[in-house]
1. If I filter the stretch 225-252 down to residues being outside any strand (DSSP E or B) and more than 22 Å from V181 (Cβ to Cβ), which single residue comes out as nearest to ligand 2 (Cβ to nearest atom)?
2. I need the full set of residues from the stretch 210-258 which are over 14 Å from M187 (Cβ atoms), within 16 Å of ligand 1 (Cβ to nearest atom) and touching a residue at least 12 places away in the same chain (Cβ under 8 Å), in order please.
3. I need the full set of residues from the stretch 74-120 which are part of a strand (DSSP E or B), loosely packed, with under 15 Cβ neighbours inside 10 Å and under 18 Å from the mean Cα position of the chain (by Cα), in order please.
4. Got a sec? Which of N126, N207 is part of a loop (DSSP other than H, G, I, E, B), away from ligand 1 (no atom under 16 Å from the Cβ), in contact with a strand residue (DSSP E or B) (Cβ under 7 Å, 6 or more places away or on another chain) and in the same structural domain as H240 (by TED's automatic domain parsing)?
Amino acid sequence: MNKKYIILISIIIVYFLFFFFFIGLGEIKNNKREATIFLDENTVWTLEKNSWSNITDEIDKKEFNGLEFNVFSNYENIGKYYLWRDEKWYLFDKNRKPYLYDEGNFLAVRANYNINVLKFEPQEINDQRYINTVLSENNITDSEEFTVSNLYQIDFDSDGVKENFYAISNAFARETSPDKVFSIVFMEKVGQIYYLYNSISSNDGQNSCKPYINTVVDLNEDDVYEIILSCGYFSIQSRHDMLYQFKDNNFDLILSNQ
Ligand SMILES: [Ca+2]
Ligand SMILES: [Ca+2]
């Protein structure tokens, strides 16, 4: 056989071996990850065999009793605590001293790999450009009264540049009675708009929720942070928590507590 062909075939074989080796390794790594995360009293999610589940059963929650979790309060890591379930969650340190946590934002994680959490703060929206674009894209004209209007600047993809996340809503408007209620969360990156949450319906006074970014956390060690959105209802209906992953230029909803 011609030497050139042998070299060419060898290059192709090496290329495919590399390809399968790295893809295979990634798959094995994904399947080996196990994690549990608590979003205050509201939500428990677990990861096993590359698949997330929502835990609602009280008996299942008690299985975490006595286990050590890495705890974040208002996005700051406050160390490791043991969790105990007795209708609500109790936290204890290693000397069995109870820790009273701030119910504002409490996140506990336990995993067999490293989970990073990003700190962020909501800001006022000064530049209305993208809001106006999104409202007209969604045919919303009666939007005088915003009950949620927040900007979050977060470098979610770790490229050194912060992206702009917007949360807007007119849920539970007090001064006006809009025909449509909307709750929209989107990201703007280099002038491009990417939707996360988009709920628009006729207004019956009760049926909407106020959206906000709850937590920004990397759950699969790829330095692209996943976004946990929450939407709070006016009634006793519990808060809607949603986990989004950015994949193929889209935010995919991969898990919800409802
Ligand atoms: Ca970025
Ligand atoms: Ca990630």
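The values are calculated or read from the model by the stated rules, or taken from the named source; none is laboratory data. Given the structure is predicted, the values throughout are model-derived calculations rather than measurements. Using ideal geometry, Cβ is built from the backbone for each residue, glycine included, and neighbour counts are taken over all protein chains shown.
1. Filtering the stretch 225-252 for residues that are outside any strand (DSSP E or B) and more than 22 Å from V181 (Cβ to Cβ), the one nearest to ligand 2 (Cβ to nearest atom) comes out as Y225.
2. Selection gives V217, D218, D223.
3. Across the stretch 74-120, the qualifying residues are E76, N77, N116.
4. Criteria check complete, one pass: N207.
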